[in-house]
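The values are calculated or read from the model by the stated rules, or taken from the named source; none is laboratory data. Source: prediction; values computed, not measured. All Cβ positions, glycine included, derive from the backbone under ideal geometry; neighbour counts span all protein chains shown.
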Amino acid sequence: MSSTKTLRLGAWLQATPFTLVFVLFLVLPLLLVAAVSFWRATDYELIPAFSLQNYIDVFNGCSSTEELCVTLKTYLSTLKFCFLVWLITLLIGFMVAYFLAFHVRSVGAQTLLFILCTVPFWTSNVIRMISWVPLLGRNGVVNQSLQSIGVIDTPIEWLLFSDFSVVLAFVHLYTMFMIVPIFNSMMRIDRALIEAARDSGASGWQTVWNVIVPLSRTGIIIGSIFVITIVMGDFVTIGVMGGQQIASVGKIIQVQTSYLQFPMAAANAVILLAVTLMMIWGLTRLVDIRKEL
């Protein structure tokens with residue numbers, strides 16, 4: 001019995017440093033943000049008094065049935081980007097991971113191609129975003145090339161500082177977060193199952209849909225969680241690629257923080273966190289990640 005207690009004590013001691021880091025750098029900051037969201041603020045000071053006014057102000061005008069309030073429009077815009085980016089990164093990530101896992105036989109070639117996929121991460125996100133400007137701008141490479149070959153007469157305006165450019169930048173920045181977990185799940189699939197499906201007369205698409213996709217669902221869910229959480233809170237990409245003309249929840253929080261409206265920004269942050277956690281909770285209901293891992 002004493003040996004069991006010793007093992008339990010050793011396990012708790014081993015977990016203590018990680019628990020302290022988790023509490024200090026995640027739990028306490030979140031509690032502080034939640035506490036500040038109930039504070040009041042004037043032009044000169046923050047007043048640590050409990051008040052729901054910040055949350056009321058966030059949803060100001062939402063009781064009207066004639067049109068959506070600013071908050072709901074902003075969340076719908078953010079969710080739109082989130083869905084589009086998730087769908088595109090999922091398709092690209094699945095195809096790239098499938099190619100690396102099942103069509104590249106050599107481990108060395110897999111490693112080399114996988115490293116090539118990480119090359120964009122060797123530079124700053126801002127630099128990677130700015131690199132699209134000379135390509136997609138009004139006088140950029142794409143417009144000049146299309147005009148020179150006679151495809152268009154006037155420059156295409158929606159290539160830059162638009163929803164298209166925002167989604168393009170998101171996909172460019174975050175597809176790798178979808179590739180890695182899906183590739184990891186595919187590498188764990190027993191190849192005998194695929195051979196059994198083929199021997200049973202299943203076509204290539206049937207094998208992918210009925211064997212590979214279900215066995216890769218853990219990687220798909222983990223990649224989806226990564227992409228969704230990053231896109232929901234991102235404000236730099238939308239600000240740069242949207243030309244400061246496209247609203248998002250993260251952008252609103254950033255603007256409120258820059259104007260020292262910390263209680264209002266905290267209230268928006270709490271609401272955004274709640275919405276994101278609900279989305280993650282819905283995804284985790286599809287598969288028991290802890291069991292699969």
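So here's what we get for this one:
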| item | result |
| --- | --- |
| Residue among Ile212, Ile228 that alone is within 17 Å of the chain's Cα centre (by Cα) and among the β-branched types (Val, Ile, Thr) | Ile228 |
| Pairs with Cβ under 6 Å, 6+ apart, first in region 25-52 and in contact (Cβ under 8 Å) with a residue 40 or more places away in the chain, second in a strand (DSSP E or B) and surrounded by 11 or more Cβ atoms within 10 Å (Cβ to Cβ) | Trp39/Leu46 |
| Count of region 144-166 residues which are under 30 Å from Ile225 (Cβ atoms), surrounded by fewer than 19 Cβ atoms within 10 Å (Cβ to Cβ) and not hydroxyl-bearing (Ser, Thr, Tyr) | 2 |
| Of all residues in region 58-112 being among the hydroxyl-bearing types (Ser, Thr, Tyr) and within 18 Å of the chain's Cα centre (by Cα), the one that is farthest from Val270 (Cα to Cα) | Thr89 |
| Checking Ala247 against (1) surrounded by 14 or more Cβ atoms within 10 Å (Cβ to Cβ); (2) in a helix (DSSP H, G or I), the condition it does not meet | (2) |
| Residue check for Tyr55: of a type in the set (Ser, Thr, Tyr) and over 26 Å from the mean Cα position of the chain (by Cα) | no |
| Single residue of region 181-206 satisfying the filter (crowded, with 17+ Cβ neighbours inside 10 Å and at pLDDT below 90) that is farthest from Val107 (Cα to Cα) | Ala197 |
| Among residues of region 255-287, those that are under 18 Å from Phe38 (Cα atoms), surrounded by fewer than 15 Cβ atoms within 10 Å (Cβ to Cβ) and among the polar types (S, T, N, Q), counted | 0 |
| Per-region count, region 14-39, residues loosely packed, with under 11 Cβ neighbours inside 10 Å and assigned to a loop (DSSP other than H, G, I, E, B) | 0 |
| Residue within region 52-67 that is at pLDDT 85 or above and part of a loop (DSSP other than H, G, I, E, B) present | yes |
